[in-house]
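Since the structure comes first, as C-alpha cells, the remarks are kept for the end.
FYI, it's all coordinate maths here, none of it is from the lab. Note that the structure is predicted; figures quoted are calculated from it, not measured. A quick note on method: Cβ atoms are made from the backbone with ideal geometry, for glycine too, and the neighbour counts reach across all protein chains shown.
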Ligand SMILES: Cc1cc2nc3c(=O)[nH]c(=O)nc-3n(C[C@H](O)[C@H](O)[C@H](O)COP(=O)(O)O)c2cc1C
C-alpha cells in the first residue's frame, strides 16, 4: 500500500474514532434510557427518587408496579362475578331512583349564580380541530362570563334527558336522568367541574362549582388568593404563569359514583370521561378564540385543600388553565 493511501486510511480511522468518542455518550444515554436494567438495588433506602430511578427500581419497590397491578386487577373477565353483580344491581329501579335523587341536593339560594345561556360556536368543527393548540400565555383581558358559560356547557352541560319507567311511586316520578354533553360510563357523571375565576367579566374572583342540570354556579369560596393558588402548582414559570390565567377549570372526580357500579374498573371510565370533557372544552375554547391548556403539574394535597375536597373519595383529575391568548 502506498504511503499516501495508508495516510488516508489513518485519517479516516481517526475521524471515525472522533465520531465514536463524540457520539458514545449519546449512544450510551439512549441505551440506558430505553433499558429496563435496574440502576439501583438501594432504591428503597434512597430518600429522593427521580422519575428515572423510580422506573428502573420497579422490582425493588413495593409500590413500584402499582400501575400494572391496577390494570391487572381491573380487567373484566367472565369469571369475575362481582363486576357482573354490580352492573346488574344498577338496572333495578331503586338504583336508578337513588341515582336521580342524589342529584337533587338542596342549595342555599344565596350561593347560586345563574349562568347566561351558552353562545353558538360558529367555526367549522374540522377547522377547530385543525387549529387547536395548547396556549400558555394570556393577555391581561377578562373573559366574558358568557364564554365561560359556553365552555362549561359544552364540557359537562345538560343536553338531554332519559325518562325512566317502571317505578310507580309518586315520590320518584317523574324520573329523568339528565344526560350531558360528554359521554359517561353508565350515565353516572362522576366528574364535577370547579371553576376558579381570576379575571372573568361579571363574576367576582373566587371558587365555584358548576351545577350542570341547572346551568348555574354554586359559590364554594368568595375571593381568590392568587399567590396561594400559584403555590398549588408545580409547573415552572418558564412554561406558564398561573397568575396570568383568567380562569381555571378543575375536574374533580367522586370515585364512588362510578365505582359503586363498576368496581375498580370504574376508575378507567373516570379517566376516559375526563378526557372527553377536556377535549370538548379545548375545542370550544378554540372556536371562541380563547386559549386553554391541560395542566397536570399541581400538588394534589395543596390543590385539594384549596378547593375544599377530601382527597380520598374525591380527587382532582386534571386542571385546564385558560384566557384570552396573548397576541
Ligand atoms: C394529561 C395531560 C397533562 C398535561 N399537563 C401539562 C402541564 O402540566 N403543563 C403544560 O404546560 N402542558 C401540559 N399538557 C399539555 C401538553 O404539553 C400538550 O398537549 C402537548 O405538548 C401537545 O401540544 P398541543 O396541545 O398544543 O397539541 C398536558 C396534556 C395532557 C393531555
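Some values worked out for this structure:
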read-out: For the stretch 87-133 versus the stretch 174-239, the gap between their alpha-carbon centres in whole angstrom; value: 12
read-out: Value of [θ]222 nm, deg cm²/dmol, for the chain, DSSP H segments ≥ 4, -39500 (n - 2.57) each, nearest 500; value: -12000 deg cm²/dmol
read-out: Dimensionless Rg ratio for the stretch 218-327, taking C-alpha atoms and the 2.2 N^0.38 Å reference; value: 1.14
read-out: The stretch 194-327: relative contact order in percent, alpha carbon pairs under 8 Å with at least 6 residues between; value: 27
read-out: Rounded, prolate or oblate (a/c below 1.5 giving rounded, otherwise prolate when a/b exceeds b/c) for the stretch 84-134 by Cα gyration tensor; value: oblate
read-out: √(5λ) per eigenvalue of the Cα gyration tensor, the chain, largest first, Å; value: 47, 29, 20
read-out: Estimated FRET transfer efficiency (residue 127, residue 77; beta-carbon r; R0 35 Å; 0.05); value: 0.20
read-out: Residues 19, 70, 210, sorted so that the one with the fewest Cβ neighbours within 10 Å comes first; value: 19, 70, 210
read-out: Tilt relative to the chain, helix 3-33 - C-alpha long axis, 0 to 90 degrees, to 10; value: 30
read-out: Highest-fluctuation residue, 272, 100, 12 considered, GNM on the chain with Cα pairs under 10 Å; value: 12
read-out: Within the chain, percent of DSSP bridges classed antiparallel, to nearest 5; value: 95
read-out: Neighbour-count order for 77, 284, fewest beta carbons within 10 angstrom listed first; value: 77, 284
read-out: Helix axis angle, 266-287 relative to the chain longest principal axis, alpha carbon, degrees; value: 90
read-out: Acute angle (nearest 10 degrees) that the helix 145-156 long axis makes with the longest principal axis of the chain, alpha-carbon atoms; value: 80
read-out: Relative contact order computed over the chain (Cα-Cα under 8 Å; 6+ residues apart), in percent; value: 20
read-out: Centroid-to-centroid separation of the stretch 252-275 and the stretch 277-327 [C-alpha atoms, Å]; value: 18
read-out: Overall form of the stretch 182-245 per C-alpha gyration tensor (a/c, 1.5; a/b vs b/c); value: oblate
read-out: Pairwise centroid distance, computed over Cα atoms, of the stretch 66-85 with the stretch 1-22, Å; value: 61
read-out: Förster radius 22 Å - calculated FRET efficiency between residue 241 and residue 305 (Cβ-Cβ, nearest 0.05); value: 0.50
read-out: For 252, 112, order by how many other beta-carbon atoms lie within 10 Å, fewest first; value: 112, 252
read-out: Top of 154, 241, 73 by mean-square fluctuation, Gaussian network on the chain, Cα under 10 Å; value: 73
read-out: Candidates 220, 107, 316: whichever shows maximal mean-square fluctuation once the chain is modelled as a Gaussian network with Cα springs under 10 Å; value: 107
